[in-house]
1. What single numbered condition from (1) touching a helix residue (DSSP H, G or I) at 6+ places or on another chain (Cβ under 7 Å); (2) modelled with pLDDT under 95; (3) within 19 Å of Met38 (Cα to Cα) fails to hold for Asp126?
2. Within region 117-129, can you find the residues that are open to solvent by 40 Å² or more (accessible area, probe 1.4 Å) and of a type in the set (D, E, K, R)?
3. Would you check if Ala72 is among the small types (Gly, Ala, Ser) and open to solvent by less than 40 Å² (accessible area, probe 1.4 Å)?
4. Report whether or not Val93 is open to solvent by less than 50 Å² (accessible area, probe 1.4 Å) and of a type outside the set (Asp, Glu).
5. Filter region 1-38 down to residues that are open to solvent by less than 80 Å² (accessible area, probe 1.4 Å) and over 23 Å from Glu81 (Cβ atoms), then give me how many there are.
6. Of everything in region 36-80, what is touching a helix residue (DSSP H, G or I) at 6+ places or on another chain (Cβ under 8 Å), aliphatic (A, V, I, L, M) and modelled with pLDDT under 95? Give them in sequence order.
7. Only one of these is surrounded by fewer than 13 Cβ atoms within 10 Å (Cβ to Cβ) and either basic (Lys, Arg) or touching a Leu at 6+ places or on another chain (Cβ under 9 Å) (or both): Arg78, Arg84. Name it.
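The values are calculated or read from the model by the stated rules, or taken from the named source; none is laboratory data. The model shown is predicted, which means the values in this text are computed figures rather than measured ones. Every residue, glycine as well, gets a Cβ built from its backbone with ideal geometry; the counts of neighbours run over all protein chains shown. Protein only, heavy atoms only, side chains kept; ligands, DNA and RNA dropped before computing areas. Shrake-Rupley method; radii C 1.70, N 1.55, O 1.52, S 1.80 Å.
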Amino acid sequence: MSSPQVINPADKLAEAKKQLNFPRIVAICGSTRFMAEMAEADVRETKAGRIVVKPGCDLKSPHELWSDPVEAEALKIRLDELHRSKILLADEVLVVGDYIGDSTRSEITYARSLGRPVRFTHPEVDPDA
């Protein structure tokens, strides 16, 4: 008797998107200092017919939802996990900005480990270039 085949959830997701004839999904990554540039990239990617997922919160900007430092740190951890899910969902990643910090570098490494193509608005900052 053969053992049951284990199906990678990412492969199942990719197959479902293919069967549904989904547009490509692009995850925008980068430092939150580039939120305005991310919004512009969102417009351009959407105009090109792609579904866009990107950071939805800028914890560096004041907001009542993360005004408490302890809650803000817990939220940052949850948002990082959420963004990794967005990268997993995506077909490709677009890194915005001319600076790559530790979080973005980690996201690039994760995306590449999944086999996701990674594009850059500023290719000279590609850590693997």
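1. Condition not satisfied by Asp126: (1).
2. The first filter runs over region 117-129 and keeps only residues open to solvent by 40 Å² or more (accessible area, probe 1.4 Å), leaving 117, 119, 121-124, 127-129.
Arg119, Glu124, Asp128, listed by residue number.
3. So Ala72 passes the test.
4. Numbers: open to solvent by less than 50 Å² (accessible area, probe 1.4 Å): yes; of a type outside the set (Asp, Glu): yes.
Yes: the conditions hold for Val93.
5. Final tally of qualifying residues: 2.
6. Listed by number, the residues that qualify are Leu59, Leu65, Ala72, Leu75.
7. On the way: Arg84 fails: surrounded by fewer than 13 Cβ atoms within 10 Å (Cβ to Cβ).
Sole residue among the options that is surrounded by fewer than 13 Cβ atoms within 10 Å (Cβ to Cβ) and either basic (Lys, Arg) or touching a Leu at 6+ places or on another chain (Cβ under 9 Å) (or both): Arg78.
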